[in-house]
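See structure below.
Read the figures in this text as sums done on the coordinates, not as results from a lab. Note that this is a predicted model, so its numbers are computed, not measured. Cβ sites come from the backbone with ideal geometry, for glycine too, and all protein chains shown count toward neighbours.
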Amino acid sequence: MTTGHLLLGVLKHDACAGGLILGKLRLDLRLAYATTEFVLMYGRRHDVTDNRTTDWAGVPHTAAGREVLELALEEANLFSPTYPIGTEHLLLGLLRAPSGMGYRILYHFGLDARRVREARDELWELLRSPE
């Protein structure tokens, strides 16, 4: 799995935290999804012979894909050691791995980790409503 595949998962679920954050930042999720699919289909070099993958939870990932998952786990643990990895953590992991396709696509749309963190924090503040 590449970072582009991980990004597709975040973009596909607009009602999850990652999708809500991207919506708040005015990202056109359909356009970003179509762009990511396009880059996955046509953007990767097909003549590369070094396609090494590494397993993460029994699924083969590129080195960058594995890095994103490890960064997402780190992001989730910053919130709470018992909080599961969510799409918001995957989104931040993607933005912390500049060698990945997912990072480059998000950067293309003008997103960065600082803006995403601010939007995430605003969303989490809504969850702390006293009512």
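A few notes on this one:
- Likely footprinting exposure, ARG117, ARG30, fewest C-beta neighbours within 10 Å first: ARG30, ARG117
- Positive-end residue of GLY43, TYR103, ALA119, charge dipole of segment 3-127 with Cβ unit charges: GLY43
- Once backbone amide H atoms are built at 1.01 Å from N, HIS61 has THR54, ASP55, TRP56 as its partners under 5 Å, excluding neighbours fewer than 5 places away on the same chain.
- Order of THR54, THR2, THR36 under a 10 Å beta carbon neighbour criterion, fewest first: THR54, THR2, THR36
- Relative exposure of LEU95, LEU29, judged by other C-beta atoms within 10 Å (fewest first): LEU29, LEU95
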